[in-house]
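Just so it is clear, none of the values below were taken in a lab; they were calculated from the coordinates. Just so you know, these numbers come straight off a predicted model, no measurement behind them. Neighbour counts are summed over all protein chains in view; Cβ atoms, including those assigned to glycine, are modelled from backbone coordinates with ideal geometry.
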Amino acid sequence: MCNFSLNILSSMTNFGIAIHGGAGTILKSLMTIEREQAYQYALESSMNIGYDILSKGGTALDAVEAAVRALEDCPLFNAGKGAVFNHEGKQEMDASIMDGATLSAGAAASVRNVKNPVSLARAIMEKSEHVFMCKEGAEQFARALGIEFADDAYFFDAFRFEQLQEALKEDRISLDHSVGKKFGTVGAVALDQHGHLAAATSTGGMTNKKFGRIGDSSIIGAGTYANDATCAISCTGHGELFIRSVVAHDISCLMEYKGLSLAEACEEVVQRKLVNIGGEGGLIAIDHQGNICLPFNSEGMYRASKNAQHSLIAIYR
């Protein structure tokens, strides 16, 4: 009985959340004070929205969805309202979410005009028999459930449009490079007071992307993973290499099968395995004990985390 009580107390005090807004060549020398403050405010706001849910006894699933929705609603980040333009001058958005308690998951890819793709991903998880939907089918499902859509004007951003024009001139596919080269994705991971984990990720993909390209953000096990026995992960980086490395699930496997700590598993995957194949980026992670890791191998990563012991908001290395 005493040990059981200690475990309950531990889960109640160790709850926490981490969020990210993308990684890449993010240099302080290229950032204005005003823009830096805007990013910091947006990160703090998203983090606090999720943390407030956790502090009141809410679920990790609710916390990560709410935190990602806040980032999707902010044009600074390449997701939702801030999603980049594809080759056709439209937004094609991807998102996923996973519940560590049940290993249930939902994902949507290449959807247009869905205001908050992460909420569509959750609806797919909870209100369908499927895990992954894409394009018009996912949009039809969203409309049937009354999920909110927005018109093209809502998603138009002059800065994003200029990015597309530059990419079209050079006939190249571009990473979100609002400040240097940036892998534009947003995500959140959380541990709640009940000991459950969850993760969610959302992105607009690459500027000028063609042929229905899909990255890792909507792929369970690559860009998003959560398992109460191990950890919750949300990734941001060069999607193709994160898919090939099955990054999110690999970290969980290293913990489950090799007994590595969260920090050790993150170090192995982000700083060694990914680096060895030229995979740039990072991730946010929280384990079933509440430990938080925010590793990246790029110049910077928009990130924030909070638990009972600490609160962090950071951008640069």
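Some points to look at:
- Checking the stated criteria, A285 turns out not to satisfy the condition of being outside any strand (DSSP E or B) and buried (at least 22 other Cβ atoms within 10 Å of the Cβ).
- Residue check, S234 closer than 30 Å to S55 by Cβ, touching a Leu at 6+ places or on another chain (Cβ under 7 Å) and either among the hydroxyl-bearing types (S, T, Y) or in a loop (DSSP other than H, G, I, E, B) (or both): yes
- Verdict on S261 being out of contact with any Pro (no Cβ under 8 Å at 6 or more places or on another chain), without any contact (Cβ under 8 Å) to a residue 60 or more places away in the chain, under 18 Å from M98 (Cβ atoms) and of a type outside the set (V, I, T): no
- Being part of a strand (DSSP E or B), within 13 Å of the chain's Cα centre (by Cα), over 17 Å from M93 (Cα atoms) and not charged (D, E, K, R) holds for only one residue in A200, A304, A248, and it is A304.
- Leading residue by the ranking (nearest to S202 (Cα to Cα)) among those in the range 102-153 that are among the β-branched types (V, I, T) and part of a helix (DSSP H, G or I): V118
- Set K135, K115: member being under 21 Å from L76 (Cβ atoms) and touching a residue at least 24 places away in the same chain (Cβ under 8 Å): K115
- Among the residues of the range 259-282, the ones that are assigned to a helix (DSSP H, G or I) and buried (at least 21 other Cβ atoms within 10 Å of the Cβ) come to 6 in all.
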